Amino acid sequence: LQATFNELWFLPLGGTGEIGMNMNLYGHGGQWLMVDCGITFDSPLVEGGERHDVVCADPRFIVANKAALAGIIITHAHEDHIGALPLLWQRFKVPVYTTPYTAEILRRKLARTNSKELVPIIEVEANQRYDIGEFNVEWLAITHSLPEPCALVIRTAAGTVFHTADWKIDPRPVTGEAFEARLFKQLAKQNITAMVCDSTNALREGHSLSESDCHKGLLDLIKGTTGRVVVGCFSSNIARLITLARIAQQTGRYMALLGHSLQNTVSAARLTGHWPEDLLLQDPRYMGYLPKDEVLVVATGSQGEEGAALSRLAMGTYRDLELEEGDRVIFSSIIIPGNENKIEKLLNALKGRNITYSLSENSPLPIHASGHPHKTELQQMYQWVQPHIAVPVHGEEAHLKANAEIARTSHVPMQLLGKNGDLYILAPDPAIRPSAVSTGRIALAQ
Ligand SMILES: [Zn+2]
Ligand SMILES: [Zn+2]
């Protein structure tokens with residue numbers, strides 16, 4: 001299975017028709033290019049099957065064809081895009097292209113699997129172009145919910161793909177540059193064959209909140225708390241952590257990070273210039289000695305993960321800090337479907353100890369902003385880019401269908417709706433060859 005020089009193919013192995021574990025391939029001129037290599041946590045390999053801690057897409061097709069694999073691009077540092085690479089790279093052994101923050105996160109992961117020295121990482125700055133085998137790839141800075149998110153323009157002799165990766169339109173993203181519409185408007189003049197697009201929030205009306213909108217919501221909540229404040233937050237969301245550190249300054253509190261993954265992402269952000277020098281963090285060991293109204297801790301474990309800092313705080317088993325009545329836990333995050341029971345257990349533990357909590361799902365104030373485009377943003381992007389074909393990815397069937405419908409009403413002439421393992425022929429004659437390769441899921445041990 002190989003595309004010729006007048007063909008351009010797209011072949012998703014993971015993430016299309018399911019949530020998480022993104023793994024995409026582009027085919028042209030006898031070569032393949034991989035875009036992202038992610039994982040999902042606590043999932044079964046087949047519907048209804050036994051759950052595994054770490055799961056990724058079955059890479060067997062591309063492992064069997066690795067001689068034709070020109071390289072791997074990681075679009076950003078979220079686990080559903082980067083997580084499987086340290087564990088699978090040995091099976092591919094090709095160079096990895098990514099931006100500096102993502103590269104730093106990757107190197108730290110590789111160090112844990114003792115493969116840091118082996119993997120050639122080529123660091124790319126936003127708005128640069130690279131030739132990777134038969135593919136000419138341009139990185140376009142976009143906005144999402146972590147540092148250095150990038151979309152890709154993949155040019156070949158047979159056609160050009162605009163691969164959005166994860167994105168939203170955020171005019172005030174707190175960290176990094178504001179969304180720049182100009183970069184995407186100019187694509188209309190470049191005859192984009194296909195736009196391969198994030199479908200996560202295609203069922204949601206309107207426009208996503210800006211990351212900066214969370215400042216007011218979090219500030220109001222924290223100002224109104226006389227006891228300690230604990231915030232549950234995704235450790236990758238550096239912008240949210242910057243917002244919280246600013247609020248700590250404004251409200252006379254000291255901020256500390258509880259949990260290894262938070263400390264790791266902030267140190268990577270510091271090293272790559274994404275953490276403002278004036279925002280100081282305290283050693284978590286001192287937090288137990290401070291007056292209650294001077295404490296703001298950010299903790300890992302907003303999904304109720306057992307053993308994470310937030311669970312231990314709720315159970316009263318965290319060594320350096322004991323919560324009590326009058327303290328408040330703020331979930332500056334969402335409940336990821338599948339984690340309801342674990343989160344319920346965490347909330348019950350807090351209730352049992354009379355600790356107040358706020359969930360973004362029923363907070364009247366904005367305390368969380370999604371990193372994915374709602375309907376209006378998707379419409380806007382289709383109207384700017386004007387691709388010939390829309391290819392919805394990154395979501396379950398309902399999300400993909402909703403995204404395709406938005407493309408149709410935004411005057412994109414063709415939508416290709418498929419799933420993992422389908423071969424999307426983008427050029428010269430667009431079509432889908434269903435189940436062209438066998439895919440599935442494999443369990444990974446970390
Ligand atoms: Zn993402
Ligand atoms: Zn994602």
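Selection of first residues in the range 329-357 that are over 23 Å from residue 209 (Cβ atoms) and of second residues that are of a type in the set (S, T, N, Q), restricted to Cβ pairs under 6 Å at least 6 apart or on distinct chains, gives the following pairs, ordered by first then second residue: 346/311. Note on the range 47-60: residues that are among the small types (Gly, Ala, Ser) and either in contact with a Pro (Cβ under 7 Å, 6 or more places away or on another chain) or surrounded by fewer than 15 Cβ atoms within 10 Å (Cβ to Cβ) (or both) total 2.
Quick one: which strands (runs of 3 or more DSSP E) lie wholly within the range 4-46 and hold at least 3 residues that are crowded, with 23+ Cβ neighbours inside 10 Å? Even if it seems obvious, please write down each step before you answer.
On the way: elements: 8-14, 23-28, 31-37, 39-44.
It comes to 8-14, 23-28, 31-37.
Among the conditions (1) surrounded by fewer than 19 Cβ atoms within 10 Å (Cβ to Cβ); (2) small (Gly, Ala, Ser); (3) in a strand (DSSP E or B), the only one that residue 115 does not satisfy is (3).
Taking each residue of the range 237-248 that is within 19 Å of residue 149 (Cα to Cα) and looking for partners that are basic (Lys, Arg) and in a helix (DSSP H, G or I) with beta-carbon atoms closer than 8 Å, six or more apart or interchain, yields nothing.
Here residue 226 fits the description: of a type in the set (S, T, N, Q), modelled with pLDDT of 95 or more and surrounded by fewer than 16 Cβ atoms within 10 Å (Cβ to Cβ). When residues in the range 117-151 are screened for being closer than 22 Å to residue 80 by Cβ, among the charged types (D, E, K, R) and away from ligand 2 (no atom under 16 Å from the Cβ), 1 of them pass. Among the numbered conditions (1) within 15 Å of ligand 2 (Cβ to nearest atom); (2) assigned to a strand (DSSP E or B), the only one that residue 52 does not meet is (1). When each of 165, 194, 181 is tested for being surrounded by fewer than 20 Cβ atoms within 10 Å (Cβ to Cβ), in contact (Cβ under 8 Å) with a residue 40 or more places away in the chain and among the small types (Gly, Ala, Ser), the lone residue that passes is 181.
Among residues of the range 73-99 being in a helix (DSSP H, G or I) and within 16 Å of ligand 1 (Cβ to nearest atom), the one that is farthest from residue 145 (Cα to Cα) is 85. Looking across the range 1-60, the residues that are of a type in the set (S, T, N, Q) and under 20 Å from the mean Cα position of the chain (by Cα) come down to 16, 22, 24, 40, 43.
Considering 308, 239, the condition of being out of contact with any helix residue (DSSP H, G or I) (no Cβ under 8 Å at 6 or more places or on another chain) and small (Gly, Ala, Ser) is satisfied by 308 alone. In summary, helices (runs of 4 or more DSSP H) completely within the range 170-273 and bearing 1 or more residues that are among the aromatic types (Phe, Trp, Tyr) occur at 181-185.
The values are calculated or read from the model by the stated rules, or taken from the named source; none is laboratory data. Model, not experiment: these values are computed from the prediction. All Cβ positions, glycine included, derive from the backbone under ideal geometry; neighbour counts span all protein chains shown.
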